[in-house]
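Below: one structure, written as structure tokens.
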Amino acid sequence: MTAAIRKACVIGYPVAHSRSPMIHGHWLRTLGLQGAYERAEAAPADFAAFLRDMPERGYVGGNVTVPHKEQLFALAGELTDLARRIGSANTIWFENGQLCADSTDGHGFLGHLDATVPEWEKALGRSVILGAGGAARCIAFALASRGVTDIAIVNRNPARAEALARDVGRVTRAFAWTELPTALREASLLINTTSLGMAHQPPLDCPLDGLREDAIVNDIVYAPLETPLLRTARARDLRTVDGLGMLLHQAAPGFARWFGVMPAVTDELRSLVEADIQKSA
Ligand code: ATR
């Protein structure tokens, strides 16, 4: 008798739009592993029961996406220190019968930044994060974990920016959106985590004049792949980092946990997902 194949899934509601099956399916195929990664649609009222039944149904873990992230936080038996500090999780697995959860977005952000601009930490000035939502939290904590010391959080809702700055610690300061030009002065890393500039969303109006000449501009929006922010930055000869790599890199730690191999983010994978984004644009 052959052993049951290891299965993982992405749980959301709806879940049809998720690109996780494409990413994990590519890794399973190219690494020649016996395994499956499926879509699992569960309404909020059914989410707890779905999690409970996962091991019985052959699932070793998975990803959790909207609208379940808050419920997951309450239901997980074991949260990593990072997930607890950030206040969210996106990757689950089972250990000694316990549901465990971690956040991998910070790993994804750093993985892609390291790969795109390997020397980004050298002579780093101020880092400016636009937004103070879930993604901004992951990125602010990821930067702080690398010892980055001057982080400005700029957000429309100033209370949210202040709360994030307080949680990360003394290395961060909160700014109101109207203070954006002040926050950007002499900055050398700018990261957009808001939904502004995304397809079907309002544009992001961010003056790049005050940035240092050697600044890096990173937009985590990946549809469109080249956002107006990145286009403007490129036209000014600034170094740019797009949002797609973060999506690909954040998937790797989950895959390693479920299937036992740390997968690589390759150009081939990137092209596959890029084509899919362009198709649905
Ligand atoms: P995510 O988990 O993807 O970070 P989120 O938690 O909903 O999503 O955060 C969205 C971010 O985009 C927030 O910082 C939000 O600002 P507020 O905290 O003030 O709501 C920002 N955002 C969304 N629409 C915006 C807009 N029209 N103008 C400025 N900021 C906007």
| query | Scanning for something small (Gly, Ala, Ser), under 23 Å from Pro14 (Cα atoms), open to solvent by less than 50 Å² (accessible area, probe 1.4 Å) and away from the ligand (no atom under 16 Å from the Cβ), does segment 63-84 turn up at least one residue? | reply | yes
| task | Check off (1) more than 16 Å from the ligand (Cβ to nearest atom); (2) at pLDDT 95 or above for Asn96 and give me the number that stays unchecked. | result | (2)
| field | Enumeration of residues in segment 143-197 that are in a loop (DSSP other than H, G, I, E, B) and away from the ligand (no atom under 12 Å from the Cβ) | value | Arg146, Gly147, Val148, Thr149, Asp150, Gly169, Arg170, Val171, Arg185, Glu186
| task | Could you check Thr104 against (1) surrounded by fewer than 23 Cβ atoms within 10 Å (Cβ to Cβ); (2) touching a Pro at 6+ places or on another chain (Cβ under 9 Å) and say which number it fails? | result | (1)
| task | Select from segment 236-279 the residues that are closer than 21 Å to Thr194 by Cβ and among the small types (Gly, Ala, Ser) and list them in ascending order. | result | Gly243, Gly245
| If you go through segment 122-142 one residue at a time, how many are within 15 Å of the ligand (Cβ to nearest atom) and either over 18 Å from the mean Cα position of the chain (by Cα) or of a type in the set (A, V, I, L, M, F, W, C) (or both)? | 11
| message | Looking at the structure I just gave you, is Asp219 within 16 Å of the ligand (Cβ to nearest atom) and acidic (Asp, Glu)? | response | yes
| note | Matching residues in segment 7-27 (in contact with a helix residue (DSSP H, G or I) (Cβ under 7 Å, 6 or more places away or on another chain) and more than 20 Å from Tyr222 (Cα to Cα)) number 4
| message | What pairs come out if I take residues in segment 88-99 that are without any contact (Cβ under 8 Å) to a residue 40 or more places away in the chain and open to solvent by less than 20 Å² (accessible area, probe 1.4 Å) and pair them with residues that are part of a loop (DSSP other than H, G, I, E, B) and β-branched (Val, Ile, Thr) whose C-beta lies under 8 Å away, six or more apart or interchain? | response | Ala89/Thr80
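Would you mind finding the one in Ala83, Ala36, Ala3 that is modelled with pLDDT under 95 and of a type in the set (A, V, I, L, M, F, W, C)?
Just a single option satisfies the conditions, and that option is Ala3.
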| note | With the first residue restricted to segment 154-168 and required to be within 19 Å of Leu196 (Cα to Cα), and the second required to be more than 11 Å from the ligand (Cβ to nearest atom) and open to solvent by 30 Å² or more (accessible area, probe 1.4 Å), Cβ contacts under 6 Å at 6 or more apart or on different chains are Ala161/Ala174
| remark: When (1) touching an Asp or Glu at 6+ places or on another chain (Cβ under 8 Å); (2) surrounded by fewer than 23 Cβ atoms within 10 Å (Cβ to Cβ); (3) at pLDDT 95 or above are applied to Ser127, the one that fails is (2)
| query | Just wondering, is there one or more residues in segment 52-60 that are open to solvent by less than 10 Å² (accessible area, probe 1.4 Å), within 13 Å of the ligand (Cβ to nearest atom) and not acidic (Asp, Glu)? | reply | no
| Which residues, taken from segment 214-263, are without any contact (Cβ under 8 Å) to a residue 12 or more places away in the chain and among the aliphatic types (A, V, I, L, M)? | Ala235, Ala256, Met262
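The values are calculated or read from the model by the stated rules, or taken from the named source; none is laboratory data. Worth saying up front: this structure is predicted, and the values here are computed from it rather than measured. All Cβ positions, even for glycine, are placed from backbone atoms using ideal geometry, and neighbour counts span all protein chains on display. Please note that ligands, DNA and RNA were not included when accessible areas were found on the heavy atoms of the full protein model with its side chains. Shrake-Rupley method; radii C 1.70, N 1.55, O 1.52, S 1.80 Å.
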